[in-house]
Amino acid sequence: MHLSGCGIILSLPESIGGGEVQGRVDAQISLRVDGEDRSIIVDTRTTLLDALRDRLGATSPKKGCDHGQCGACTVLLDGRRAVICLAFAVAHDGAEITTAEGLAEGDALHPIQQAFLEMDALQCGYCTPGQVCSAVGMLGEAERGTPSYVSGDVIGPIELNDDEIRERMSGNLCRCGAYVNIVAAIRRVAWAESAS
């Protein structure tokens, strides 16, 4: 039996025995991924990460810990960085998502992507898309004046020194240990932006 309405498609078993319901609920959602409008039907239990990777073919966000702790799945969700392995896709119907692939403009890399390459801020590359998206989001937070735990002045402008960058990027883990070069790459872009 199928019931539908308001974008929800409810699939129920023909007979319910033993008091246990074994159906699934599907929903149609729309997402704007890397500038492209996409519409899919997902099981309401599907995470945003699984919807992007398995249903939409966006493989830049990675499945690392699947517990929201490593940052490999970080994307920009409505302009702010977010880990998406624990976020239900249906909760973000209509959201705009930018992955590391969507940061580049044609063949021109985003300044953070370029700095990661030039500063050798990666080894195996598995965490790199999440690191890049987190760095872009972090720079936006600092520009808006959002303080972190180590910010000396919570009212004035944010100075992105190494301690500030490390604290703000602490949710993104690198198993290869490329942290020194990751901080250097972000520092290069932050200082270039503050000088202009």
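The values are calculated or read from the model by the stated rules, or taken from the named source; none is laboratory data. Being a predicted model, the structure only gives us computed values, none of them experimental. All Cβ positions, even for glycine, are placed from backbone atoms using ideal geometry, and neighbour counts span all protein chains on display. In case anyone asks, the SASA skips ligands and DNA or RNA and just uses the protein heavy atoms, side chains included. Shrake-Rupley method; radii C 1.70, N 1.55, O 1.52, S 1.80 Å.
Scanning the range 66-76 for residues that are within 21 Å of T44 (Cβ to Cβ) and buried (at least 20 other Cβ atoms within 10 Å of the Cβ) yields a total of 2. Suppose the filter is surrounded by 14 or more Cβ atoms within 10 Å (Cβ to Cβ), in contact with a Pro (Cβ under 7 Å, 6 or more places away or on another chain) and without any contact (Cβ under 8 Å) to a residue 60 or more places away in the chain; does A100 pass it? For A100, the condition - surrounded by 14 or more Cβ atoms within 10 Å (Cβ to Cβ), in contact with a Pro (Cβ under 7 Å, 6 or more places away or on another chain) and without any contact (Cβ under 8 Å) to a residue 60 or more places away in the chain - is met.
Results for (1) open to solvent by 60 Å² or more (accessible area, probe 1.4 Å); (2) within 24 Å of T128 (Cβ to Cβ), shown as yes or no for each residue.
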| residue | (1), (2) |
| --- | --- |
| E143 | yes, yes |
| S148 | no, yes |
| D153 | yes, no |
| G156 | no, no |
| L160 | no, yes |
| R175 | yes, yes |
| A178 | no, yes |
| I186 | no, yes |
| A195 | yes, no |
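The single residue among D37, D54 that is farther than 13 Å from T99 by Cβ, in a helix (DSSP H, G or I) and either open to solvent by 40 Å² or more (accessible area, probe 1.4 Å) or charged (D, E, K, R) (or both) turns out to be D54.
For the range 80-97, filtering for residues that are open to solvent by 20 Å² or more (accessible area, probe 1.4 Å) and not in a loop (DSSP other than H, G, I, E, B) leaves 8. Within the range 155-176, residues that are under 28 Å from H67 (Cα atoms) and touching a residue at least 40 places away in the same chain (Cβ under 8 Å) have Cβ atoms under 6 Å from residues that are in a loop (DSSP other than H, G, I, E, B) and hydrophobic (A, V, I, L, M, F, W, C) in these pairs: L173/C70; C174/C127; C176/C124, counting only partners at least 6 apart in sequence or on another chain.
For the range 95-153, a residue qualifies if it is among the acidic types (D, E) and farther than 21 Å from G57 by Cα, and the qualifying residues are E118, D120, E141, E143, D153.
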